[in-house]
Amino acid sequence: MITKGKIKYQKWNSKRKRLKYHLKKKNINGLPRLVVFRSNNNIFAQLVNDLENKTILSVSSIDKDLEKVIKSAKSKIEKSTIVGKTIAEKMKKENIDKIIFDRNGYKYHGRVKAVGD
C-alpha cells in the first residue's frame, strides 16, 4: 500500500534528480555546486566539485563551531542565514568566486533563500 508520504517523497526525489541532471549539463566551466539540504530542524550546505566527485566545503547548523551562534538564533530562517554567511566566508578563504546554486528540489523560498542570499 502506497501512502501519501511516500508519493510526496517520490515526487520530490524525481524532481531533485531532474534538477541535478540539468545543473550538471549546464556546468561546462566546472564550477563548484552549492547543495542545500534542509531537515525539519537543521539545514546543511556543502560545496561539491562534480568533476572529481568530492566535497570541498561543508557547513551545517549542527557544527560545533557554530553551536553558540545557532543557539542564539530565534528562528530556523536565522539559522539558515548564519549557515549561509559561514559558507560564504569559507569560500572567500578558499578564493572561490563563482558557484552554481543547487536548491536540491526545494522552492527558492524561506530557509533555502536565506542560505542563497
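Here are a few things to note about the model shown:
- In the range 91-113, the residues that are surrounded by fewer than 16 Cβ atoms within 10 Å (Cβ to Cβ) and either without any contact (Cβ under 8 Å) to a residue 60 or more places away in the chain or of a type in the set (Lys, Arg) (or both): 92, 93, 94, 95, 97, 98, 107, 108, 109, 110
- Look at (1) modelled with pLDDT of 90 or more; (2) within 21 Å of residue 109 (Cα to Cα) and you find that residue 23 fails only one, number (1).
- Counting the residues of the range 32-54 that are in contact with a Pro (Cβ under 7 Å, 6 or more places away or on another chain) and hydroxyl-bearing (Ser, Thr, Tyr) gives 0.
The values are calculated or read from the model by the stated rules, or taken from the named source; none is laboratory data. The model shown is predicted, which means the values in this text are computed figures rather than measured ones. Cβ: placed from backbone, ideal geometry, glycine included. Neighbour counts: every protein chain shown.
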